[in-house]
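In what follows, a structure is listed as structure tokens, so that the remarks can point back to it.
The values are calculated or read from the model by the stated rules, or taken from the named source; none is laboratory data. It should be emphasised that the depicted structure is a prediction, and the values quoted were computed from it without experimental measurement. Areas reflect the complete protein model, heavy atoms only, side chains present, ligands, DNA and RNA absent. Shrake-Rupley method; radii C 1.70, N 1.55, O 1.52, S 1.80 Å.
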Amino acid sequence: SMQNAALRESAAFGSTVHAVFERITRWNQEDRPHWALHPATEAERTVAACLNVPAIRELFMPAETAIVMKEQRIEAIDGNSWISGVIDRLLLQDGSACIVDFKTDHADTPEQLRERHANQLNAYARIVSRITGIPLERITRTIVSTCLKETIPIQ
């Protein structure tokens, strides 16, 4: 059906965008990669546009001492449910952590994305806390919306 085709297409686009974000460990605004200067695909254009936004760019310019983990698979029991997922970008530094989640779904407001995805990010935070020993209050959760081109903090 048309609807299934549209869903498949948006899922494929989501994967492609994630793959482009995954190329970036640390962003250098002065020395940008070729794909960002000359984006060849819709996904590259989308990510390049996101990186023009200072709040988004900041998440890709962590301190030299920070540990940057990409596409970190996690599986754990959280309360009484089994959580299995992938943390798109995890920054660890000085006993604190930042979980970054790239979302390509359409939204009109940050609140919509917050409502849609907060539970997932909060579950990730609980698991990261358990694995690393970093207290929850030192773990920030941020959605990067490619649709709204902004960062959306999750409380």
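Across segment 68-155, the mean sequence separation of Cα contacts (distance under 8 Å, 6 or more residues apart), normalised by length, yields a relative contact order of 27 percent. Taking every C-alpha pair closer than 8 Å and separated by at least 6 residues, the mean separation divided by the residue count of segment 1-154 gives a relative contact order of 20 percent.
Using a ≥ b ≥ c from the Cα gyration tensor of the chain (square roots of the eigenvalues), is it rounded, prolate or oblate, where a/c under 1.5 gives rounded and otherwise the larger of a/b and b/c decides, a/b for prolate? It is oblate, given that a/c is not under 1.5 and a/b is not larger than b/c.
For every helix of n ≥ 4 consecutive DSSP H residues, a contribution of -39,500 (n - 2.57) applies; sum these over the chain, divide by its total residues, and give [θ] at 222 nm rounded to the nearest 500 deg cm²/dmol. Display every interim value, and only then the final one.
On the way: 5 runs with 62 residues, N = 155.
Using -39500 (n - 2.57) per qualifying helix, the result is -12500 deg cm²/dmol.
With a/c under 1.5 counting as rounded, go ahead and sort segment 36-98 into rounded, prolate or oblate using the C-alpha gyration tensor (a ≥ b ≥ c being the square roots of the eigenvalues; past the cut-off, prolate if a/b is larger than b/c, else oblate). Oblate, since a/c reaches 1.5 and b/c is not below a/b.
Solvent exposure of the chain amounts to 56 Å² per residue of accessible area, where only protein heavy atoms count and the probe is 1.4 Å. Out of the total accessible area of segment 1-68 (probe 1.4 Å, heavy atoms of protein only), what percent is carbon and sulfur? It is 54 percent, rounded to a whole number.
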